[in-house]
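> Okay, here's the structure, questions in a sec.
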Amino acid sequence: LEQAENYLDQWIIESLENRNYSAALTFFNEMEGLLRTTGRAEDAVDVGEQALELISMMGLNETIHHATTLQNVATANRVAGNIDKAQDMYIRAAEIYRYLGYKDSYQMASLYHNLSHIQQGKNQHSTALVYLETAMDIVSKLPESEAEIATTNVCMALSYMALEKLEEAENKLNEALAY
């Protein structure tokens, strides 16, 4: 991972120096994910903000690249504890996805999952279930989505348990285990 980070740093510098902004955007997004998954969420937020600045500079606002980067930076913010900012970014990404015709896409299902995590963290499990039901509606229609369906069932079970709806939780866990 350390070597990957060094390579990404080098590639970001080189791509910016060479004005290969598309490559730089890819490397920024990859670096954000690497930093987030290695426990450096604040650094991931900083890198994500640089990616969003690059999106704007490139004139890519309101594009799939913008929505994807917003979703990545929102996740970094969520992990860093910037819950309200993360939620705003997820909602903005959802607006862009809908505008671009991605309302029934894997990206939207993932976004709804992320919004449910925010609600679960706020102990708002009824609201989390609404987001998870929407995610389930989407992933159930996608090809080869059995793993996503199982994951959604597990997340739903967690909220049902928090709401002390144990029979519903058991049903969701059994559906997940069937996978």
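> For segment 64-142, just list the percent of Cα-Cα distances falling in each 10 Å bin from zero outward, please.
22, 53, 25, 1
> Please give every one of the aspartates and glutamates within straight-line cross-link reach of Lys122, meaning a C-alpha to C-alpha distance under 20 Å, and leave out same-chain neighbours fewer than 8 residues apart.
Output for Lys122: Asp84, Asp88, Glu133, Glu164.
> Further question on the same structure: Considering only protein heavy atoms, what per residue accessible area in square angstrom results for segment 1-95 with a 1.4 angstrom probe?
Numbers: 4920 Å² over 95 residues.
Per-residue accessible area for segment 1-95 comes out at 52 Å².
> Nearest 10 degrees is fine. How inclined is helix 41-57 to the longest principal axis of the chain, computing both from alpha carbons?
60 degrees
> Can you list which of the GluC sites (Glu not before Pro) found in segment 86-179 are DSSP loop residues with at most 12 other C-beta atoms within 10 Å? Intermediate values should be presented prior to the final figure.
Values: sites: Glu95, Glu133, Glu144, Glu146, Glu148, Glu164, Glu167, Glu168, Glu170, Glu175; in loops: Glu144, Glu164.
Of the GluC sites (Glu not before Pro), the ones in loops of segment 86-179 whose Cβ has at most 12 other Cβ atoms within 10 Å are Glu144, Glu164.
> Let me ask you something else. Taking the Cα-to-Cβ direction at Ser22 and at Asp46 and moving 7 Å from each Cα, how far apart do the two end points lie in nm?
3.0 nm
> Compute the normalised compactness of segment 1-75: alpha-carbon radius of gyration over 2.2 N^0.38 Å, N being the residue count. Write down the numbers at each step before the final one.
Details: Rg = 11.6 Å, N = 75, 2.2 N^0.38 = 11.3 Å.
Cα Rg divided by the expected 2.2 N^0.38 Å: 1.02.
> Okay, next question. Using a 1.4 Å probe over the heavy atoms of the protein chains, calculate the carbon and sulfur portion of the accessible area of the chain as a whole percent. Mind showing how you got there, number by number?
Numbers: 4710 of 9670 Å².
Taking all protein chains in place, the chain shows 49 percent carbon and sulfur surface.
> Taking N as the number of residues in the chain, what is its alpha-carbon radius of gyration divided by 2.2 N^0.38 Å? It would help to have the intermediate numbers written out before the result.
Numbers: Rg = 17.7 Å, N = 179, 2.2 N^0.38 = 15.8 Å.
Cα Rg divided by the expected 2.2 N^0.38 Å: 1.12.
> Counting only the heavy atoms of the protein chains, how much of Met156 is accessible to a 1.4 Å probe, in Å² to the nearest 10?
Spelled out: Met156, probe radius 1.4 Å, area about 10 Å².
> Can you compute the helix-only [θ] at 222 nm over the chain? Use -39500 (n - 2.57) per DSSP H run of at least 4 residues, normalise by all residues, nearest 500 deg cm²/dmol.
Details: 9 runs with 145 residues, N = 179.
Using -39500 (n - 2.57) per qualifying helix, the result is -27000 deg cm²/dmol.
> Once the whole set of protein chains is in place, how much accessible area is left on Ser110, using a 1.4 Å probe, in Å² to the nearest 10?
40 Å²
The values are calculated or read from the model by the stated rules, or taken from the named source; none is laboratory data. In this text, all values refer to a predicted model and were calculated from it rather than measured experimentally. Here Cβ is always computed from backbone atoms with ideal geometry, including for glycine, and neighbour counts include all displayed protein chains. Note: areas computed on protein heavy atoms with side chains; ligands, DNA, RNA excluded. Shrake-Rupley method; radii C 1.70, N 1.55, O 1.52, S 1.80 Å.
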